[in-house]
Amino acid sequence: MTPAAQSAPQTDSGEMSAAQETSALQETSAVQFWARITGDGVNVRTGPTLGSTILGTLNRGDRVYVRGWANGDRYENACGVSGGHWREIDYGGGTAWVASGCLLAE
């Protein structure tokens, strides 16, 4: 089953409230696998949206564990790819999100 596209509204500052991020994540699908980051300085975010807080960055070759995916904000030229699919990864003792165009499954 493919999740429906979800686009949650953002605040004037471009950031989403916790309730908005939760709403954007309602349609997620569980998958689990290891992947490598394919670009340098890939943003790791609190949600699958461009307005979500950036927690840090990952670089080419970094290995991450993918837990799920969601349709979110469309990104342009992330690691040479444009799209709207995001992957939920283990990050910093919790989970976070990266553009799926920046991942290569192992």
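Each value in this text was obtained by applying a stated rule to the coordinates, not by laboratory testing. Everything numeric here is computed off the predicted structure, so don't read it as measured data. Neighbour counts are summed over all protein chains in view; Cβ atoms, including those assigned to glycine, are modelled from backbone coordinates with ideal geometry.
Look at Arg74, Arg87 and count the other Cβ atoms within 10 Å of each Cβ; fewest to most, that gives Arg74, Arg87.
Fewest to most neighbouring Cβ within 10 Å: what's the order for Trp86, Trp69, Trp34, Trp97?
Trp34, Trp69, Trp97, Trp86
Between Arg63 and Glu76, residue separation times 0.36 nm minus the direct Cα-Cα distance comes to 2.4 nm.
Per-residue extension of 0.36 nm, minus the Cα-Cα distance of Gln32 and Thr95, leaves a gain of 21.4 nm for this segment.
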